[in-house]
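Worksheet: one structure, shown below.
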Amino acid sequence: MDQLSTRLFKDLAFRIYLVITTMILLVPLGLILYYIVRNGIAVISWDFLTSLPKPPGTSGAGIANAIVGSGLLIGTAALLSIPFGITLGLFLTEFSNSRLASVVRICVEILQGIPSIVIGIMAYLWIVVPMGGFSALSGGIALALMMLPMIIRSTEETLKLIPHSLKEASLGLGVPYYRTMIKIIVPAGFNGILTGILLGVARVAGETAPLLFTAFGNPFMTLNVTQPINSLPLIIYNFATSPYADWQQIAWGASLILILFVLGLSLLTRTLIKR
Amino acid sequence: MNKQILEIDHLTVTIGDDKIIKDISMSFYRKKVTAIMGPSGCGKTTLVRCINRMHELIPNTVVSGSISLYKKNIYEMNPIMVRREIGMVFQRPNPFPTMSIYDNVIAGYILNGIKLKRTEKDQIVESSLHKAGLWNEVKDALHRRGAFLSGGQQQRLCIARALAMKPRVLLLDEPTSALDPKSTAHIEDLISELKETVTIIMVTHNIGQASRVSDFTAFLYLGELIEYGTTEKLFTVPDDKRTEEYLSRKFG
């Protein structure tokens with residue numbers, strides 16, 4: 001009898017331990033969000049979103065160029081990584097057992113593990129140096145390299161689950177192999193592939209390191225991909241490390257915008273997964 | 001006399017090290033239903049898959065001998081053309097999940113990039129669904145996705161999809177094995193109606209089904225064609241002892 005009550009006590013203690021530990025771990029997350037919202041909310045206004053950064057001490061500064069820049073960088077990255085990512089994912093599904101596929105899988109794993117700063121250096125050597133200057137294009141390529149593994153993997157994982165019978169149905173109608181892939185197999189996995197793309201975007205949206213020596217930053221608005229360009233992570237990095245209080249304030253505001261964007265993407269991804 | 005549409009000549013199929021089909025020769029008759037029956041693993045599915053070259057999807061498959069459609073060897077034709085002439089319906093219903101019922105029926109045209117006028121499309125969809133006995137059940141939901149259909153309805157949708165390509169031969173690979181008895185009866189009735197327009201070759205492991213719907217029956221055992229003849233003869237006075245034993249359910 002005694003032994004039983006000790007066991008019950010231990011069970012209860014363990015459950016309490018689980019709950020308390022979880023709560024403790026939620027504290028830093030809550031604090032991060034709290035600080036960013038508290039410090040950032042004050043500067044956020046329509047003007048903040050639509051004006052350009054100004055010298056310290058002047059009012060009415062904004063981050064419009066960083067928002068546009070981030071959009072342009074992510075857009076370039078998506079444009080480059082999505083077609084290649086889906087193609088490679090399709091290859092891995094279709095030639096699942098080939099030797100080349102296992103080599104590709106290892107490469108993808110390695111690419112995923114490469115620190116983002118190293119990817120930035122590679123983009124600097126391959127694109128910035130030959131082009132003779134920093135550019136949005138080189139930043140976009142660095143980000144594309146970071147998105148690629150996520151898109152390849154989610155495509156492969158999704159397409160693997162598509163029943164073989166669908167492929168047979170299409171081929172059985174006399175549809176050529178390439179059309180079967182493009183019109184049946186890839187659309188059937190659309191949700192899963194889109195999820196991978198959104199996760200990839202969420203990941204690179206906050207990347208700073210690969211942009212330091214590729215996109216570089218730019219205090220002005222530009223839409224030219226061959227020019228240096230600003231982005232949310234870059235403006236946060238540059239302004240937060242500056243000695244001016246009003247610039248630091250802008251960095252908080254930019255952090256809040258960035259976090260809202262990434263949170264929004266995660267929520268969107270969740271609803272897509274549920275469907 | 002019955003006209004021959006399809007001839008199999010000394011067909012042997014090996015997959016890896018296994019001989020699945022052993023030197024089979026037989027002819028199929030136009031606008032008749034031919035049932036291919038036999039115990040599991042006798043090669044009946046492989047045999048029909050060879051007829052529209054779907055076996056080419058399976059790696060390490062080696063085929064010798066020939067199959068000819070109206071005297072033309074299908075192994076010398078483009079597989080894509082073969083599959084348009086010889087349609088196929090599979091064991092499990094496999095409508096395209098991302099397409100509406102309407103688009104599923106004309107999927108063969110859409111996916112092959114064949115342009116049709118609106119009126120032609122409507123006409124093909126309606127007549128194919130009529131032939132598959134599905135029109136009355138889905139005519140008000142043509143532009144909805146087919147996911148809400150029952151298994152039997154989905155299978156009839158797949159039959160409509162195959163018929164829409166106006167094939168000369170329709171292969172049915174155990175079309176009712178995943179269906180309930182009521183849907184099975186519905187599809188069996190349908191098969192009897194369809195032979196007015198198309199030659200049907202049907203694989204079945206159900207002896208009763210073969211006797212109910214087919215004009216000719218072939219009995220396969222361990223990759224060999226044991227006996228082939230009119231269903232009436234094969235079921236009443238089989239020549240081979242093994243056929244008799246299979247029919248009296250001594251094995252299989």
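Before moving on, here are some points about what is shown:
- Selected residue [touching a residue at least 24 places away in the same chain (Cβ under 8 Å), over 19 Å from B:Leu172 (Cβ atoms) and within 14 Å of another protein chain (Cβ to nearest Cβ)] from B:Arg84, B:Arg145: B:Arg145
- Selection status of A:Ile162, out of contact with any Pro (no Cβ under 9 Å at 6 or more places or on another chain), touching a residue at least 24 places away in the same chain (Cβ under 8 Å) and surrounded by 23 or more Cβ atoms within 10 Å (Cβ to Cβ): no
- Put simply, of B:Ala141, B:Ala107, B:Ala162 the only residue that is farther than 30 Å from B:Arg30 by Cα and either modelled with pLDDT of 95 or more or of a type outside the set (Ser, Thr, Tyr) (or both) is B:Ala141.
- Taking region B:123-155 as the range and being crowded, with 20+ Cβ neighbours inside 10 Å and either within 13 Å of the chain's Cα centre (by Cα) or among the hydroxyl-bearing types (Ser, Thr, Tyr) (or both) as the test, the residues that pass are B:Ser128, B:Gln155.
- If the condition is being surrounded by fewer than 16 Cβ atoms within 10 Å (Cβ to Cβ) and either at the interface with chain A (Cβ under 8 Å from one of its Cβ atoms) or among the basic types (Lys, Arg) (or both), then region B:62-81 contributes B:Lys71, B:Lys72, B:Met81.
- Qualifying residues in region A:171-183 (those that are in a helix (DSSP H, G or I) and crowded, with 23+ Cβ neighbours inside 10 Å) - the one farthest from the other protein chains (Cβ to nearest Cβ): A:Leu171
- Pick from region B:101-122, criterion within 13 Å of chain A (Cβ to nearest Cβ) and not hydrophobic (A, V, I, L, M, F, W, C), ranking: farthest from the chain's Cα centre (by Cα): B:Gly113
- Odd one out for B:Pro59 among (1) crowded, with 16+ Cβ neighbours inside 10 Å; (2) part of a loop (DSSP other than H, G, I, E, B); (3) not aliphatic (A, V, I, L, M): (1)
- Scanning region B:62-100 for residues that are assigned to a helix (DSSP H, G or I) and either at pLDDT 95 or above or within 19 Å of the chain's Cα centre (by Cα) (or both) yields B:Ile74, B:Tyr75, B:Pro79, B:Ile80, B:Met81, B:Val82, B:Arg83, B:Arg84, B:Glu85.
The values are calculated or read from the model by the stated rules, or taken from the named source; none is laboratory data. All figures in this text were calculated on a predicted structure; none of them were measured in a lab. Here Cβ is always computed from backbone atoms with ideal geometry, including for glycine, and neighbour counts include all displayed protein chains.
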